Each structure stands twice: as C-alpha cells, then as structure tokens.
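Enquirer: Take this structure first; my questions come after.
No lab work stands behind these numbers, since they all come straight from the coordinates. Just so we're clear, the structure is a prediction, and the values are computed from it rather than from any experiment. Ideal geometry is used to build each Cβ from the backbone, glycine not excepted, and the neighbour counts take in all protein chains shown.
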C-alpha cells in the first residue's frame, strides 16, 4: 500500500515465552479469527480448524476438538462438551493436560489491534532504510501495539463445561531493521509469560476494527 511518495511497510509479530527466553525460540503469531459468526474475532477457535491433542488410547493417537462449538455467551455447546468427556475417558488424559494444550495453541495467536487508522501505519519513502529502533519507536507510539493480546481461550472443568476464559498478553521487546517497500515484513518480537494469563471478567463479544500494521 502506498501513500503519495510514501509506502506502508508491513510488520510481522513473533513471540517467545519468558519461561524459555531466547530470541531463537520465537514463534510467528497468527491473527486470531473466530470463523464463527456468533463469536467475536477475539475468541480463540484455532481459526476454525479442529485442535488436535495427543491421545495414545486412540488408533490415530490423537483426538480433535472443535472450539467453534461455543455459544454467544461463552458456553460450550453439547458437541464440544462431549468431545471433552470422551477425551477424559482415556487413562492418562487429564483436564489439566487438555487446558494446557489449548492455552499453548492460543498463545500462537494475536487479536488484531483496534482503532488504528491508515495514517497510523508504519510508513516512509520507498527504499529508505529504517532501524530496529525506528520500528520500536513506532510501536511504542500506539498502546494497542506495545501490548498485544492472544485470542481468548476457554478453560474446561472435568464435566466438560467452560469455567473461565483467559488471555495472554504479549509485550513488545525488540524489532528488526529493513527498507520501506521490501516484500518481506519486518519482525517485531514480543515476550509473554504463560503463567500470568489474565482471567477475563466478561466474555469478549466485539471485534476490533481498523487497519492492522501486521498485514
């Protein structure tokens, strides 16, 4: 995208856990999309794909969960509850193991920042160089970019019911240099602590709008 003689440079978010704090352990973050018209895009559903969790008791060695099977109030529908209960029938499968798998998958997503306008995107003259500090200065100008949120993910109990929804916070740490107009997005690295995920007081029902500098 261009603006007169300027070009908007796409950025790319990646994150690492503070429990394993090395930049070599970063994972690209994927924008969260619920794919369920009854749910906001802040709700983690594995982007509509079934979430696979290992289960040695099955012939396939795994069991799949359809996290889109949640109603508009944040409650598990009967199909999803049944999947959880089936999973717990197998020896060695625990609700903690399932919740950990869901939390780990959700930590690979981010909710698109809200309320950014086209003039809020990272821009400069075509082929002009920018430093990692330039990118971080841009990020730090916008509260919705300094900290990103993961998709809100469910926490189940042993009855297959959702007891709460949680969300991980990603904090911007560093960024990489580049040139405006390059085809490869410049990476912005975030950190997060999975053990300090926030328990939401209300189920998210609205989706953010506006422009996303991460593409």
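Enquirer: Under 8 Å for C-alpha pairs, at least 6 residues apart: give me the relative contact order for the chain, rounded to a whole percent.
Expert: This gives 30 percent for the chain.
Enquirer: What is the fewest-to-most order of 89, 161, 149 by other Cβ atoms lying within 10 Å of their Cβ?
Expert: Ranked by crowding around the Cβ, least crowded first: 89, 161, 149.
Enquirer: Sort 196-204, 105-113 for me by packing, meaning the mean count of neighbouring Cβ atoms within 10 Å per residue, highest on top.
Expert: The packing order, highest mean first, is 105-113, 196-204.
Enquirer: Summing -39500 (n - 2.57) over the DSSP H runs of n ≥ 4 in the chain and dividing by its residue number, what mean residue ellipticity at 222 nm do you reach, to the nearest 500 deg cm²/dmol?
Expert: Per the formula, -4500 deg cm²/dmol.
Enquirer: At each listed q (0.24 Å⁻¹), what is the log10 of I(q)/I(0) that the Debye formula gives for the stretch 26-86 modelled as equal alpha-carbon point scatterers?
Expert: These q points yield log10 I(q)/I(0) values of -0.99.
Enquirer: Treating only the Cα positions of the stretch 113-208 as identical point scatterers, give the base-10 log of I(q)/I(0) from the Debye formula at each q in 0.13, 0.24, 0.25 Å⁻¹.
Expert: For the requested q values the scattering log ratios are -0.59, -1.27, -1.32.
Enquirer: For the stretch 21-78 and the stretch 137-153, compute the distance between their C-alpha centroids and round to whole Å.
Expert: With the stretch 21-78 and the stretch 137-153 each reduced to a Cα centre, they are spaced 22 Å.
Enquirer: Given points 7 Å out from each Cα along the Cα-Cβ axis, report the residue 28 to residue 101 separation in nanometres with one decimal.
Expert: For residue 28 paired with residue 101, the spin-label model returns 2.5 nm.
Enquirer: Provide the percentage of antiparallel DSSP beta bridges, counting only those with both residues in the chain; round to the nearest 5.
Expert: Restricted to the chain, the bridges split so that about 75 percent are antiparallel.
Enquirer: Moving on. Given a cut-off of under 8 Å on Cα pairs at least six residues apart, what relative contact order in percent is computed for the stretch 121-215?
Expert: Answer for the stretch 121-215 is 31 percent.
Enquirer: To continue, here is another question. Pulled fully out, how much extra length does the chain show between residue 198 and residue 183, if you take 0.36 nm times their separation in residues and subtract their Cα-Cα distance?
Expert: Length difference between fully extended and current span is 1.8 nm.
Enquirer: Give me the angle, in degrees from 0 to 90, between the Cα long axis of helix 95-106 and the longest principal axis of the Cα atoms of the chain, rounded to the nearest 10.
Expert: 20 degrees
Enquirer: Roughly speaking, what % of Cα-Cα pairs in the stretch 2-199 are separated by over 21 Å, rounded to a whole number?
Expert: 57 percent
Enquirer: How much FRET efficiency would the formula 1/(1 + (r/R0)^6) give for residue 137 and residue 69, where r is the Cβ-Cβ distance and R0 is 30 Å, rounded to 0.05?
Expert: Efficiency for this residue pair is about 0.10.
Enquirer: Please compute the modelled spin-label separation between residue 207 and residue 128, points set 7 Å along Cα→Cβ, answer in nm with one decimal.
Expert: Placing both labels 7 Å beyond Cα along the Cβ direction yields 3.4 nm.
Enquirer: Compute the helix-to-body angle for 78-88: its Cα long axis versus the longest principal axis of the chain, expressed 0 to 90° and rounded to tens.
Expert: Tilt relative to the chain: about 70 degrees.
Enquirer: Can I ask one more? Taking 8 Å as the Cα distance limit and 6 or more residues as the minimum spacing, I'd like the relative contact order of the stretch 29-83 as a percentage.
Expert: 26 percent
Enquirer: Once you have a ≥ b ≥ c as the square roots of the Cα gyration tensor eigenvalues for the stretch 20-132, tell me rounded if a/c is under 1.5, and otherwise prolate or oblate according to whether a/b is larger than b/c.
Expert: oblate
Enquirer: Moving on. Write down the percent of antiparallel bridges among all DSSP beta bridges whose residues are both part of the stretch 1-122, to the nearest 5.
Expert: 80 percent
Enquirer: By count of other Cβ within 10 Å, fewest leading, how are 116, 39 ordered?
Expert: 116, 39
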